[in-house]
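First the structure, in the form of structure tokens, and then the observations on it.
The values are calculated or read from the model by the stated rules, or taken from the named source; none is laboratory data. Since the model is a prediction, treat every value here as computed from it, not as a measurement. Cβ coordinates were reconstructed from backbone atoms using ideal geometry, including for glycine residues, and neighbour counts include every protein chain displayed.
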Amino acid sequence: MALEKYQAKRKFNKTSEPKGTVKKKSLSRFVVQKHQASHLHYDFRLEHEGVLKSWAVPKGVPEEAGIKRLAIAVEDHPVEYINFSGTIPEGEYGAGTVEIYDKGKWQTLDGDLEKGSMKFNLVGEKLKGEYVLVRLKDKKNWLIYKK
Ligand code: MN
């Protein structure tokens with residue numbers, strides 16, 4: 001796990017996003033950040049193996065069962081990003097506003113991300129219960145839904 005892709009996309013003298021480092025230990029936190037960029041989307045991030053595994057979810061993580069949403073895998077983000085909110089300046093990568101939509105804890109129930117299929121539990125303010133993330137054939141695209 002590394003942050004080269006994340007760091008290469010950003011100029012840390014222009015954006016207030018954290019540069020970050022890969023951590024040796026992981027807590028089991030998650031965050032959903034509402035990102036009003038050129039297109040509104042929600043960034044779903046799971047703290048895992050020292051980084052935040054990240055997906056852009058155009059329509060947001062479903063809060064009710066029976067709704068499947070596309071989740072596009074994006075570059076790992078530093079754990080420090082879990083607390084980030086603010087404005088990314090015009091002209092910079094991801095320009096727009098970021099606000100924390102929900103956060104909490106998560107745990108694996110079955111499967112794992114590396115295998116492309118994982119059942120897990122979310123304990124947030126808005127998102128609670130059993131969820132599934134499953135990778136589609138093209139590798140970048142996943143589905144997320146509530147059980
Ligand atoms: Mn985003």
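I'm trying to understand the selection: among the residues of segment 23-36, which are among the hydrophobic types (A, V, I, L, M, F, W, C) and either modelled with pLDDT of 95 or more or within 12 Å of the ligand (Cβ to nearest atom) (or both)?
Going through segment 23-36, the residues among the hydrophobic types (A, V, I, L, M, F, W, C) turn out to be 27, 30-32.
Scanning segment 23-36 gives 30, 31, 32.
Kindly indicate whether any position in segment 121-130 is within 16 Å of the ligand (Cβ to nearest atom) and closer than 17 Å to residue 34 by Cα.
Here is the first cut: in segment 121-130, the residues within 16 Å of the ligand (Cβ to nearest atom) are none.
No, every residue in segment 121-130 fails to be within 16 Å of the ligand (Cβ to nearest atom) and closer than 17 Å to residue 34 by Cα.
Looking at segment 58-71, which of its residues are surrounded by fewer than 14 Cβ atoms within 10 Å (Cβ to Cβ) and aliphatic (A, V, I, L, M)?
65, 67
Under the condition of being of a type in the set (D, E, K, R) and in a strand (DSSP E or B), which residue from segment 1-40 is surrounded by the most Cβ atoms within 10 Å (Cβ to Cβ)? If you could, list the steps in order and put the result at the bottom.
Our first condition is that a residue be of a type in the set (D, E, K, R); within segment 1-40, this holds for 4-5, 9-11, 14, 17, 19, 23-25, 29, 34.
After this cut, where a residue has to be in a strand (DSSP E or B) as well, the list is 29, 34.
Values: 29: 18, 34: 16.
If we take residues in segment 1-40 being of a type in the set (D, E, K, R) and in a strand (DSSP E or B), then 29 is surrounded by the most Cβ atoms within 10 Å (Cβ to Cβ).
Which residue out of 102, 110, 43 is closer than 19 Å to residue 145 by Cβ and either among the β-branched types (Val, Ile, Thr) or surrounded by fewer than 15 Cβ atoms within 10 Å (Cβ to Cβ) (or both)?
On the way: 102 fails: either among the β-branched types (Val, Ile, Thr) or surrounded by fewer than 15 Cβ atoms within 10 Å (Cβ to Cβ) (or both); 43 fails: either among the β-branched types (Val, Ile, Thr) or surrounded by fewer than 15 Cβ atoms within 10 Å (Cβ to Cβ) (or both).
Result: 110 is the single residue among 102, 110, 43 that is closer than 19 Å to residue 145 by Cβ and either among the β-branched types (Val, Ile, Thr) or surrounded by fewer than 15 Cβ atoms within 10 Å (Cβ to Cβ) (or both).
Against the condition surrounded by fewer than 19 Cβ atoms within 10 Å (Cβ to Cβ), closer than 27 Å to residue 138 by Cα and either modelled with pLDDT under 95 or touching a His at 6+ places or on another chain (Cβ under 6 Å) (or both), how does residue 49 come out, does it pass?
Numbers: surrounded by fewer than 19 Cβ atoms within 10 Å (Cβ to Cβ): yes; closer than 27 Å to residue 138 by Cα: yes; either modelled with pLDDT under 95 or touching a His at 6+ places or on another chain (Cβ under 6 Å) (or both): yes.
Criteria met by residue 49.
For segment 43-110, which fully contained strands (runs of 3 or more DSSP E) count at least 1 residues that are under 21 Å from residue 134 (Cβ atoms) and more than 12 Å from the ligand (Cβ to nearest atom)?
In segment 43-110, 51-57, 68-78 are the strands (runs of 3 or more DSSP E) which contain 1 or more residues that are under 21 Å from residue 134 (Cβ atoms) and more than 12 Å from the ligand (Cβ to nearest atom).
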